[in-house]
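Read through the structure below, which is laid out as structure tokens, and then see the notes.
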Amino acid sequence: MSNKKDNTVLEKIVSLCKRRGFVYPSSEIYGGLAAIYDYGHYGTLLKNNIRDSWWKSMIQMRDDVVGLDSAIFMHPTTWVASGHVGGFNDPQIDCKVCKNRFRADHLLKSYGIEADKATLEEINNHLNELRAKKKLKCPNCGSTNLTDAKIFSLMVKSNIGSPTDELKEENVVYLRPETCGGIYLEYKNTVDSLHKKLPFGIAQVGKAFRNEIVARQFIFRTREFEQMEMQYFLRPSMMKEKYEMWKEIRWNWYLANGIPADKIKWYKHDKLAHYASEAYDILYDFKALGGFDEVEGIHARGNWDLTQHAKFSGVDLNYIDEITGDKFIPHIMETSAGLNRMLLMFLDCAYSEEAVKDETRIVMKFPKHLAPIKIAIFPLLRNKPELVKKAKELYLELAKNYMCEFDDNGNIGKRYRRQDEIGTPFCVTVDFDTLEDGQVTVRDRDTMEQTRVKISELENFFQDKFSK
Ligand code: ATP
């Protein structure tokens with residue numbers, strides 16, 4: 001990531017999220033809990049809409065992918081078999097002066113050294129070279145007094161089911177660090193119960209937990225987060241074709257959700273995990289974070305995951321081809337996206353400031369289908385019962401098909417400003433003329449144009465607007 005980070009954009013988004021009820025720091029009345037966030041009314045609606053768009057494209061519109069909702073807690077051996085207990089670590093480095101903590105691979109990246117997947121020894125060698133040249137400095141306070149890098153496990157532990165209060169190693173049950181573990185363990189049940197034939201995918205959305213060393217980029221990197229993952233099971237001979245197919249499908253999903261093509265790009269991993277044959281990430285150009293960073297990974301994982309789980313569980317996870325009689329462990333390619341990170345991407349992309357007369361209008365230009373509130377309905381004046389009654393009736397009618405909001409707070413200008421900051425595509429105002437001519441004023445978020453529409457025509461009007 002480049003260093004020209006625009007803190008002001010990040011601050012503005014963080015402040016809007018809190019002010020308008022998208023995202024709050026968790027446990028704030030107790031001083032907060034680092035890198036954990038809560039989602040308010042609009043944040044939850046936006047997150048659900050992103051999730052639904054993913055689910056529709058990945059499951060509803062495909063007959064080769066099925067859904068799953070597996071548990072967060074899984075048998076502890078799962079994470080031994082997957083290699084997470086032994087090796088899901090990040091290298092940590094501390095500043096002895098300001099006590100700030102960093103990821104050593106990220107620190108090296110700021111010196112142009114790629115150390116993703118490097119061993120601890122390699123990382124310390126790079127750090128020592130920089131030290132010898134007197135270049136190694138704390139990014140926070142500039143001190144040269146930094147520790148060596150050491151290994152920090154990202155696994156989050158619990159004592160669920162343990163009879164003791166103690167978190168003894170033998171009692172530990174981990175909170176899953178990724179959702180795909182649940183998919184591998186339900187591969188056999190899915191084949192047995194749904195009779196899926198290769199190639200097919202299993203997809204799920206759910207929480208994952210990682211004890212991230214540094215988590216300072218708002219909801220980009222948190223310790224509790226949600227993933228949207230799909231594991232596609234196939235014959236190794238199909239990998240190349242299906243890998244290209246899924247790369248295209250995932251790329252097009254971003255475009256269909258309003259992300260401009262020049263705001264995303266591919267990053268090809270040169271250093272691969274030992275079992276992987278190909279790995280690409282989709283990077284988004286975050287204004288708030290100063291450049292491109294990962295939102296999704298698309299990886300060809302070979303048959304390593306199922307082979308490991310077969311070995312550690314003793315259960316046969318072979319696939320038997322009914323026609324040819326072939327017996328083999330399927331290979332897997334995965335698409336793995338962070339839901340909260342995508343939410344930040346959509347906030348970042350939607351955030352705009354426009355000069356309107358002498359004022360600055362902040363408007364969240366979400367694509368209509370992702371906007372948390374689709375239509376806001378106002379009575380012109382809150383103290384006129386006949387206007388309030390008509391507006392309430394209209395609200396209840398429109399709410400049957402759209403997520404709506406009734407608002408009678410403050411003057412109309414203030415209500416428009418509030419809805420712009422929430423990203424509501426349309427506002428409908430009931431005024432005195434409405435009572436005479438049965439028409440309302442519909443105001444468009446993006447053009448700010450106002451049109452009079454007959455109440456009897458509203459359903460068709462919005463059907464047309466929201467189908468575009
Ligand atoms: P990084 O190298 O940035 O730590 P990763 O490459 O280990 O991340 P994956 O394990 O591939 O990430 O996870 C897949 C997706 O899950 C990521 O692309 C990201 O969108 C999301 N994700 C991973 N870790 C976090 C986190 N701590 N907070 C929020 N989202 C995350």
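Going residue by residue through the range 345-368, is there one that turns out to be among the polar types (S, T, N, Q) and modelled with pLDDT of 95 or more? Break it down stepwise before answering.
In the first step, residues of the range 345-368 are kept if they are among the polar types (S, T, N, Q); the result is 352, 360.
From what is left, the residues that are modelled with pLDDT of 95 or more are 352.
Within the range 345-368, one or more residues are among the polar types (S, T, N, Q) and modelled with pLDDT of 95 or more.
Restricting the range 27-39 to residues that are surrounded by fewer than 16 Cβ atoms within 10 Å (Cβ to Cβ) and of a type outside the set (A, V, I, L, M, F, W, C) leaves a set whose member that is farthest from residue 363 (Cα to Cα) is 30. Going residue by residue through the range 130-139, is there one that turns out to be in contact (Cβ under 8 Å) with a residue 24 or more places away in the chain and open to solvent by 30 Å² or more (accessible area, probe 1.4 Å)? Yes - at least one qualifying residue is present in the range 130-139.
Per the listing 256, 279, the residue uniquely closer than 23 Å to residue 57 by Cα, away from the ligand (no atom under 14 Å from the Cβ) and touching a residue at least 12 places away in the same chain (Cβ under 8 Å) is 256.
Of the residues 142, 112, only one is more than 16 Å from the ligand (Cβ to nearest atom), under 30 Å from residue 296 (Cα atoms) and free of Cβ contacts under 8 Å to residues at least 12 places away in the same chain; which? Write out each step before concluding.
Details: 142 fails: under 30 Å from residue 296 (Cα atoms).
None of the others qualify; the one that does is 112.
Pairs meeting the criteria (first residue in the range 288-299 and in contact (Cβ under 8 Å) with a residue 12 or more places away in the chain and closer than 17 Å to residue 333 by Cβ, second residue of a type in the set (Ser, Thr, Tyr) and assigned to a strand (DSSP E or B), beta carbons under 6 Å, at least 6 apart or on different chains) are 297/336; 298/280; 298/335. In the range 307-337, which residue that is at pLDDT below 95 and aliphatic (A, V, I, L, M) is farthest from residue 181 (Cα to Cα)? Going through the qualifying residues, I end up with 323. The requirement of being under 23 Å from the mean Cα position of the chain (by Cα) and under 30 Å from residue 170 (Cα atoms) is not satisfied by residue 81.
Please go through the range 331-380 and give me each residue that is over 24 Å from the mean Cα position of the chain (by Cα), surrounded by fewer than 22 Cβ atoms within 10 Å (Cβ to Cβ) and in contact (Cβ under 8 Å) with a residue 12 or more places away in the chain, ordered by number. Answer for the range 331-380, where residues must be over 24 Å from the mean Cα position of the chain (by Cα), surrounded by fewer than 22 Cβ atoms within 10 Å (Cβ to Cβ) and in contact (Cβ under 8 Å) with a residue 12 or more places away in the chain: 356, 361, 380.
The values are calculated or read from the model by the stated rules, or taken from the named source; none is laboratory data. Nothing here was measured: the structure is a model prediction, and the numbers come from that model. Methodologically, a virtual Cβ is constructed for each residue, glycine included, from the backbone with ideal geometry; neighbour enumeration extends over all protein chains shown. The area values use the complete protein model at the heavy-atom level, side chains included, leaving out ligands, DNA and RNA. Shrake-Rupley method; radii C 1.70, N 1.55, O 1.52, S 1.80 Å.
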